[in-house]
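The values are calculated or read from the model by the stated rules, or taken from the named source; none is laboratory data. These figures come from a predicted structure and were not determined experimentally. Cβ coordinates were reconstructed from backbone atoms using ideal geometry, including for glycine residues, and neighbour counts include every protein chain displayed. Only protein heavy atoms, including side chains, enter the accessible area calculation; ligands, DNA and RNA are left aside. Shrake-Rupley method; radii C 1.70, N 1.55, O 1.52, S 1.80 Å.
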Amino acid sequence: MRGRAVMLSGRVLLAAWRPGLGRQRARSALAQLNAVLEAELESIRNAGTWKNERIITSRQGPHINVQGSEGAILNFCANNYLGLSSHPAVVQSGIEALDQYGAGLSSVRFICGTQNLHKNLEAKIAKFHQREDAILYASCFDANTGIFEALLTPEDALLSDELNHASIIDGVRLCKANKYRYKHMDLADLEAKLQEAQKHRIRLIVTDGVFSMDGDVAPLKEICDLSDKYHALVFIDECHATGFLGPNGRGTDELLGVMDRVHIVNSTLGKALGGAAGGYTTGPKAVVDLLRQRSRPYLFSNTLPPPVVGCASKALDLLMDNNDIAHTMASKVNRFRSQMTAAGFSIGGMDHPICPVMLGDARLASAMAEDMLQRGIYVIGFSFPVVPKGKARIRVQISASHSDQDINRCVQAFLEVGRKHGVIP
Ligand SMILES: *Cc1c(COP(=O)(O)O)cnc(C)c1O
């Protein structure tokens, strides 16, 4: 049988027939792949954009231990805006959920993966955002890649800010609607695109509430005015806003007084809301209902693990109890921004805990970040292609869990390092 197959179809089967030769071919294919990848890796190193991961040996928090550095490091680069990722009540709630509901569901939601715990968290999210309903995903990345394709067809149009998060860009790619990319926060350009898009059935404006590289806040009131004028809908990604922007931490829409005018909100449980993992969409019931039927990352990926749900659920309880944490954070942000500005640094963004210390030069940003770490302060330099050429910066992220003293120490280190590099007098 084997011999006959070899005679019929020649070289490929011959390889299978002689195992030694098959292995040799597999090795040579792998050698080819390795050569291609090594060249690619080398080009990343040469471009100076290689990303090294520092290894943390403690819990996430304002004070962490980092492998290779002596003693505690002051951490200013997590999205742990409210300090909830190691909050005792949040951790305890995760443990209780693990105990009661187990490690995980080994199933997607619609087969046998929905527990009352998940339904309760969805109800809580909808209540927090004052929307009709909510649906959980394994991440906000999934929520963003799953929504547009499910909701919109080639009859419809998407209008997306050019600096939206990578996951929105991927979600837009997967969607078959007509696509318009407007200039970053440029209302005139958005209006021009809305006029062009009048010929389509549904128009959905898509923007980050807060843009993570600059800490700048989308002009939602004006965007909602345009959406009214051109009969459009508004979607916002609130990953860098949920839990702490606005008087009660509801987000950018609360901050700008448009909670009842923004139609759909996507956000993450992996930043301010306990920091474990998970994302969601909240908005009109029909939207959520359709996502449960059609959204691929929801339909074909495992249910969020109970301990993760338990942590996020407690984080929301804490925020709905009172708004003290959100206020504490605002005062910390103000402290850092005003001291740094007084010292002569240029800080980008608007009153947001993302505080980009603008430096311009890529090597300067990375050298200063290194010198900060020498002084026990962990901050990250960002340069092209993550941010535009010539706009390198060190991004500092303030958390409600930083003490005033932590912030003073950070500013003091910036003063020393900034003088050393001639950035400030
Ligand atoms: C972090 C982030 C995401 C992804 O959230 P995950 O839950 O970590 O997948 C999506 N959008 C924006 C704007 C983000 O900052």
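Things worth noting here:
- Only one of the listed residues (GLN100, GLN92) is outside any loop (DSSP other than H, G, I, E, B) and more than 30 Å from ILE398 (Cα to Cα). That residue is GLN100.
- Exactly one residue among ARG296, ARG337 is among the charged types (D, E, K, R) and touching a residue at least 24 places away in the same chain (Cβ under 8 Å), and that residue is ARG296.
- The set of residues from region 304-330 being in contact with a Pro (Cβ under 7 Å, 6 or more places away or on another chain) and either open to solvent by 50 Å² or more (accessible area, probe 1.4 Å) or among the polar types (S, T, N, Q) (or both) comprises just one member, ASN323.
- A count restricted to region 116-143 and to residues that are away from the ligand (no atom under 16 Å from the Cβ), open to solvent by 10 Å² or more (accessible area, probe 1.4 Å) and part of a helix (DSSP H, G or I) stands at 7.
- Close pairs from region 401-422: first of a type in the set (D, E, K, R), partner in a loop (DSSP other than H, G, I, E, B), Cβ under 6 Å, at least 6 apart: ASP406/PRO62
- All conditions in (1) of a type in the set (S, T, N, Q); (2) open to solvent by 60 Å² or more (accessible area, probe 1.4 Å); (3) touching a residue at least 40 places away in the same chain (Cβ under 8 Å) hold for SER301, with the sole exception of (2).
- Within region 201-218, residues that are on the phi > 0 side of the Ramachandran plot reach partners that are surrounded by 24 or more Cβ atoms within 10 Å (Cβ to Cβ) and part of a loop (DSSP other than H, G, I, E, B) with beta carbons closer than 9 Å, at six or more positions or on different chains, in the pairs GLY215/HIS240; GLY215/HIS352; GLY215/PRO353.
- Qualifying residue in region 144-159 (condition: assigned by TED's automatic domain parsing to the domain that holds LEU304, open to solvent by less than 10 Å² (accessible area, probe 1.4 Å) and near the ligand (Cβ under 10 Å from one of its atoms)): yes
- Restricting region 386-403 to residues that are of a type in the set (A, V, I, L, M) and open to solvent by less than 30 Å² (accessible area, probe 1.4 Å), the residue that is modelled with the lowest pLDDT: VAL387
- Applying the set (1) near the ligand (Cβ under 10 Å from one of its atoms); (2) surrounded by 24 or more Cβ atoms within 10 Å (Cβ to Cβ) to ALA277 leaves exactly one unmet item: (2).
- Among the residues of region 53-88, the ones that are without any contact (Cβ under 8 Å) to a residue 12 or more places away in the chain and open to solvent by less than 10 Å² (accessible area, probe 1.4 Å) come to 0 in all.
- Scanning region 260-269 turns up no residue that is among the small types (Gly, Ala, Ser), away from the ligand (no atom under 13 Å from the Cβ) and outside the structural domain of VAL387 (by TED's automatic domain parsing).
- Scanning region 10-54 for residues that are under 30 Å from GLU370 (Cα atoms) and either modelled with pLDDT under 85 or not in a helix (DSSP H, G or I) (or both) gives ALA47, GLY48, THR49, TRP50, LYS51, ASN52, GLU53, ARG54.
- A count restricted to region 215-240 and to residues that are within 12 Å of the ligand (Cβ to nearest atom) and within 21 Å of ARG393 (Cβ to Cβ) stands at 4.
The rows are residues; the columns are (1) within 13 Å of the ligand (Cβ to nearest atom); (2) aliphatic (A, V, I, L, M); (3) closer than 23 Å to CYS239 by Cβ; (4) assigned by TED's automatic domain parsing to the domain that holds GLU162.
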| position | (1), (2), (3), (4) |
| --- | --- |
| LEU174 | no, yes, yes, yes |
| ASN178 | no, no, no, yes |
| ARG181 | no, no, yes, yes |
| ASP189 | no, no, no, yes |
| GLN195 | no, no, no, yes |
| GLN198 | no, no, no, yes |
| ARG201 | no, no, no, yes |
| THR207 | yes, no, yes, yes |
| MET213 | yes, yes, yes, yes |
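- Number of positions in region 160-200 that are aliphatic (A, V, I, L, M), buried (at least 20 other Cβ atoms within 10 Å of the Cβ) and without any contact (Cβ under 8 Å) to a residue 40 or more places away in the chain: 5
- When region 289-306 is filtered for residues that are closer than 18 Å to LEU117 by Cβ and more than 16 Å from the ligand (Cβ to nearest atom), the ones remaining, listed by number, are ARG292, PRO306.
- Selection from region 331-367 of residues that are polar (S, T, N, Q) and surrounded by 17 or more Cβ atoms within 10 Å (Cβ to Cβ): GLN339, SER366
- From the list ALA97, ALA138, the one residue that fits, being touching a strand residue (DSSP E or B) at 6+ places or on another chain (Cβ under 8 Å), among the hydrophobic types (A, V, I, L, M, F, W, C) and within 30 Å of THR57 (Cα to Cα), is ALA138.
- Flag for VAL90 being of a type outside the set (Ser, Thr, Tyr), at pLDDT below 95, within 26 Å of GLN405 (Cα to Cα) and touching a Lys or Arg at 6+ places or on another chain (Cβ under 6 Å): no
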